[in-house]
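Written out below as structure tokens is the structure these notes cover.
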């Protein structure tokens with residue numbers, strides 16, 4: 001799904017749809033008020049957002065997991081598996097599962113740490129607590145990092161982070177279908193422990209977050225093992241929530257964007273589409289480049305013709321992140 005243009009700025013259509021958005025927000029609030037969250041016995045870090053689409057939750061979840069692991073804390077991911085058919089709970093096996101079954105995000109997470117997929121998040125958390133063997137003598141499963149699920153009330157969360165795209169902000173600040181928000185800003189901030197602003201804060205988000213709520217600033221940058229594309233002419237394409245974020249990362253890396261193509265989030269690429277993109281890149285004298293998330297959805301025999309630029313989150317103040325993670329209960 002691509003976000004409608006009117007979600008970006010206030011307008012007449014958003015005002016017409018605002019009552020429907022108010023109803024959606026009220027229903028979500030009632031659902032959370034009536035819910036009885038379960039404690040799974042492990043600390044849970046939830047990485048979510050307020051805006052439908054790609055704020056950068058998965059890169060932030062991966063970065064948090066790396067930070068925890070570097071500090072000696074075993075991590076297990078829990079994800080819903082958007083774009084896949086499987087309902088779970090199941091442990092994701094990249095050697096056995098494909099994007100059509102478990103979704104692209106689950107495969108990315110599983111490359112970093114043991115990952116469970118479950119549409120029923122509480123059942124998934126219980127499966128992790130029951131089945132995760134630990135990473136060594138005397139170690140338990142450690143911490144669950146939940147990719148998305150901020151609005152899901154079924155699990156008790158020990159630390160809840162809201163990720164906001166600094167360039168896009170909150171759009172027109174209306175709740176769906178009038179705008180991109182899953183709930184109002186006030187409702188979301190009331191349950192958040194911190195806000196992560198990804199990229200330059202062009203919408204002055206930090207100033208509006210209120211006193212006392214930690215603000216973590218970070219950037220998406222090419223991973224250390226990424227190919228050096230500086231000065232290269234590329235045809236960039238992406239089927240993620242906000243492809244513009246990927247294109248901006250390429251430009252910041254010194255890439256010459258000959259052409260860009262955007263596809264819907266979780267788009268299942270057909271061979272003919274990739275063949276056409278490769279041929280177009282050849283005609284432009286450019287290199288076809290996409291994201292890690294898109295790579296797992298490419299037809300296997302055509303993926304070799306496409307370069308991938310892996311990205312990661314770079315924290316502007318890593319010590320601020322460590323102070324936040326220190327709030328977690330014992331996770332040994």
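The values are calculated or read from the model by the stated rules, or taken from the named source; none is laboratory data. Since the model is a prediction, treat every value here as computed from it, not as a measurement. All Cβ positions, even for glycine, are placed from backbone atoms using ideal geometry, and neighbour counts span all protein chains on display.
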### Query
Taking residue 240, is it at pLDDT 90 or above and under 30 Å from residue 84 (Cβ atoms)?
yes
### Message
Looking at 64, 26, 30, 42 in this structure, which one is in contact with a helix residue (DSSP H, G or I) (Cβ under 7 Å, 6 or more places away or on another chain), modelled with pLDDT of 90 or more and not in a strand (DSSP E or B)?
### Response
42
### Enumeration of residues in segment 274-285 that are touching a strand residue (DSSP E or B) at 6+ places or on another chain (Cβ under 9 Å) and either surrounded by fewer than 19 Cβ atoms within 10 Å (Cβ to Cβ) or closer than 25 Å to residue 3 by Cβ (or both)
274, 277, 278, 280, 282, 284, 285
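State whether one or more residues within segment 204-211 are in contact with a strand residue (DSSP E or B) (Cβ under 7 Å, 6 or more places away or on another chain), farther than 14 Å from residue 50 by Cβ and part of a helix (DSSP H, G or I).
Within segment 204-211, the first condition is being in contact with a strand residue (DSSP E or B) (Cβ under 7 Å, 6 or more places away or on another chain), and the residues that meet it are 205-206, 209.
Now narrow it down to the ones that are farther than 14 Å from residue 50 by Cβ: 206.
After this cut, where a residue has to be part of a helix (DSSP H, G or I) as well, the list is 206.
Yes, segment 204-211 contains at least one residue that is in contact with a strand residue (DSSP E or B) (Cβ under 7 Å, 6 or more places away or on another chain), farther than 14 Å from residue 50 by Cβ and part of a helix (DSSP H, G or I).
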### Task
Please state which one of 107, 161, 189 is within 29 Å of residue 239 (Cβ to Cβ) and part of a helix (DSSP H, G or I).
107
### Query
Does any residue of segment 94-105 turn out to be crowded, with 21+ Cβ neighbours inside 10 Å, closer than 30 Å to residue 186 by Cα and in the same structural domain as residue 160 (by TED's automatic domain parsing)?
yes
### Task
Name every residue in segment 301-317 that is in a helix (DSSP H, G or I) and surrounded by 14 or more Cβ atoms within 10 Å (Cβ to Cβ), in order of residue number.
303, 305
### Query
How about segment 286-300: which of its residues are surrounded by 14 or more Cβ atoms within 10 Å (Cβ to Cβ) and in a loop (DSSP other than H, G, I, E, B)?
286, 291, 296, 297, 298, 299
### Message
Only one of 138, 142 is at pLDDT below 95 and buried (at least 22 other Cβ atoms within 10 Å of the Cβ). Can you tell me which?
### Response
142
### Query
Right, residue 218: within 20 Å of the chain's Cα centre (by Cα), surrounded by fewer than 19 Cβ atoms within 10 Å (Cβ to Cβ) and either not in a loop (DSSP other than H, G, I, E, B) or not assigned by TED's automatic domain parsing to the domain that holds residue 45 (or both) or not?
no
### Long-range neighbours under 7 Å by Cβ, at least six apart or interchain, first residue surrounded by fewer than 12 Cβ atoms within 10 Å (Cβ to Cβ) within segment 25-42, second in a loop (DSSP other than H, G, I, E, B)
none
#### Entry: Scope segment 169-205; condition under 16 Å from the mean Cα position of the chain (by Cα) and surrounded by 24 or more Cβ atoms within 10 Å (Cβ to Cβ); matching residues
180, 181, 196, 197, 198
